[in-house]
Every structure is written in structure tokens, then in C-alpha cells.
1. Quick one: would you say GLU157 is more than 30 Å from GLU84 (Cα to Cα), out of contact with any strand residue (DSSP E or B) (no Cβ under 6 Å at 6 or more places or on another chain), modelled with pLDDT of 95 or more and of a type outside the set (Phe, Trp, Tyr)?
2. From the list ALA155, ALA193, ALA188, pick out the single residue that is closer than 23 Å to PRO50 by Cα, within 15 Å of the chain's Cα centre (by Cα) and assigned to a strand (DSSP E or B).
3. Can you pull out the residues in the range 139-149 that are assigned to a strand (DSSP E or B) and open to solvent by 40 Å² or more (accessible area, probe 1.4 Å)?
4. Which one of the conditions (1) among the small types (Gly, Ala, Ser); (2) in contact with a strand residue (DSSP E or B) (Cβ under 6 Å, 6 or more places away or on another chain); (3) over 24 Å from ALA188 (Cβ atoms) does ALA132 fail to meet, given that it meets all the rest?
5. Give me the residue from the range 155-177 that is among the charged types (D, E, K, R) and out of contact with any Asp or Glu (no Cβ under 7 Å at 6 or more places or on another chain) and, out of that set, surrounded by the most Cβ atoms within 10 Å (Cβ to Cβ).
6. Filtering the range 175-212 down to residues that are free of Cβ contacts under 8 Å to residues at least 40 places away in the same chain and touching a Lys or Arg at 6+ places or on another chain (Cβ under 9 Å), which residue is farthest from GLY148 (Cα to Cα)?
7. Out of all the residues in the range 58-74, which are in contact with a Lys or Arg (Cβ under 9 Å, 6 or more places away or on another chain), assigned to a strand (DSSP E or B) and buried (at least 21 other Cβ atoms within 10 Å of the Cβ)?
8. For the range 31-42, which positions are modelled with pLDDT of 95 or more and either in a helix (DSSP H, G or I) or under 13 Å from the mean Cα position of the chain (by Cα) (or both)?
Amino acid sequence: MEPQFWHDRWNANEIGFHEDTPHRLLQRHWPTARLAPDAHVLVPLCGKSPDLGWLSDLGYRVTGIELSEVAARDYFEHNRVTPEVEALGPFTEYRHDNLRILVGDFFEATAALIGSADAVYDRAALIALPPAMRERYVERLATLCGPGARIVLIALEYPMGAISAPPFPVDALEVTRRFGDWCNVAVAERIAASVKGIDGTEACYSLRVMAG
């Protein structure tokens, strides 16, 4: 999707994808990551998700990346904290304690700039992108993960063409194809889900980046 598409959605508050509480699959399966207490967790295309606060409350150093400045401002306003704001390369960094949201284009992120990730949480990034951008997204994500990094990925499955995407359907075969060359991939749980009013499936994957 073009950046303007997402800017328009946030400016118009058309954010039906936003959830007001931490995701149940995150809460159930994040403990299997077994991270060090101060691990660096990356949350791509994070919006203003409460998952950010849930992860930061566990003590991790959390970096969200989000295209919309509206989302970043809303997150901190909703949580009634005033972040420090400064430039970080091509991004604008909003930071409070151990949580920061980098406003800008995910595809401009580098490990040298933002730090290598010990873990990644993706609930709304992969499924937000059309196929060609999903390929670029996974390629860039691989450069941001350190050896042995854990990835908790939540994807949606529904009949192709049944609704107007995004979100896009991403099944297990695609997850394996895109991540299998550099990650060990396992399905953690599959649950029924409503996707824009139609029956679908939400699948949680546990991935581990291979060493070397």
C-alpha cells in the first residue's frame, strides 16, 4: 500500500484494525520466547497498539515503528505520558522510559540505526501489505534480527477476495515460504476469528532465527 493510504486512514480515524486491549494470542504465547529481562523487542507497523505497553511493562526495551505520527501521538496521549521527541536518522523518535515509537518508513530502518532485535512481535504488519511489499518487508525484517531472535507472528486466513484487503490473508504455506530459509517455523495456535464480518482464522506462529 502507498504511504498516503495509511496516512488517510489515521487522519480519518478509520482504524478498525486497532484493538483496545493486548492481544490474547500475544499474552498466551509470548512467554515461550524466553527472553532476557532487558531484551530489545521490535514491533513493526505498531500503530497505537496496547501491545506496546504490555511488552514494555514486562521490562523489555520496546521499539515500535509506525508510519503515522497521529498514531504515535495518540498512543502517548492515551497513556497520559509526555514523550521525549527527537530526530533519529530518517525517523522521529517518541520515547518514554523503555518504550519508543519511531515515526517513519519501516523500509528505512537498519540495525545500525535502531539496534538489532532480540525478538519481534508482528500482529498487523505482514497482513497489512500486498504480496510484493510482504517480500520486501520480510527481507528487511531479516536484517534487523540478531541470531537466535524470536518472532511471534499473528496472521489471518480467509477466502481470497471475500473482503476488500487489507488485511490480506496469509496462510501457513506463505509463512513457511517467506521465513523458512532463515527461521525455524512452528504453529503455536489457530483460533476462529471474524475478519470484517466473515469467518476466518487467526494463526499464531513461533519463529526462531537460525544462527549464522
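1. Working: more than 30 Å from GLU84 (Cα to Cα): yes; out of contact with any strand residue (DSSP E or B) (no Cβ under 6 Å at 6 or more places or on another chain): no; modelled with pLDDT of 95 or more: yes; of a type outside the set (Phe, Trp, Tyr): yes.
No: the conditions fail for GLU157.
2. Details: ALA193 fails: within 15 Å of the chain's Cα centre (by Cα); ALA188 fails: within 15 Å of the chain's Cα centre (by Cα).
Result of the check over ALA155, ALA193, ALA188: ALA155.
3. Narrowing the range 139-149 to residues assigned to a strand (DSSP E or B): 145-149.
Hit for the range 139-149 is PRO147, nothing else.
4. Evaluating ALA132 over (1) among the small types (Gly, Ala, Ser); (2) in contact with a strand residue (DSSP E or B) (Cβ under 6 Å, 6 or more places away or on another chain); (3) over 24 Å from ALA188 (Cβ atoms) leaves (2) as the failure.
5. Here is the first cut: in the range 155-177, the ones among the charged types (D, E, K, R) are 157, 171, 174, 177.
Restricting the remaining residues to those that are out of contact with any Asp or Glu (no Cβ under 7 Å at 6 or more places or on another chain) gives 174, 177.
Details: GLU174: 16, ARG177: 13.
Looking at the filtered set, the residue picked out is GLU174.
6. Among residues in the range 175-212 that are free of Cβ contacts under 8 Å to residues at least 40 places away in the same chain and touching a Lys or Arg at 6+ places or on another chain (Cβ under 9 Å), the one farthest from GLY148 (Cα to Cα) is ALA186.
7. Initial filter on the range 58-74 (in contact with a Lys or Arg (Cβ under 9 Å, 6 or more places away or on another chain)): 61-64, 66, 68, 70-74.
Now drop any that are not assigned to a strand (DSSP E or B), which leaves 61-64, 66.
Once the filter is applied, which keeps residues that are in contact with a Lys or Arg (Cβ under 9 Å, 6 or more places away or on another chain), assigned to a strand (DSSP E or B) and buried (at least 21 other Cβ atoms within 10 Å of the Cβ), the range 58-74 yields VAL62, THR63, GLY64, GLU66.
8. Hits for the range 31-42 are VAL41, LEU42.
The values are calculated or read from the model by the stated rules, or taken from the named source; none is laboratory data. What you see is a predicted model; the values in this text were computed from it and never measured. Virtual Cβ from ideal backbone geometry, glycine too; neighbours counted across all protein chains shown. Remember, those area values only see protein heavy atoms, side chains included, never the ligands or the DNA or RNA. Shrake-Rupley method; radii C 1.70, N 1.55, O 1.52, S 1.80 Å.
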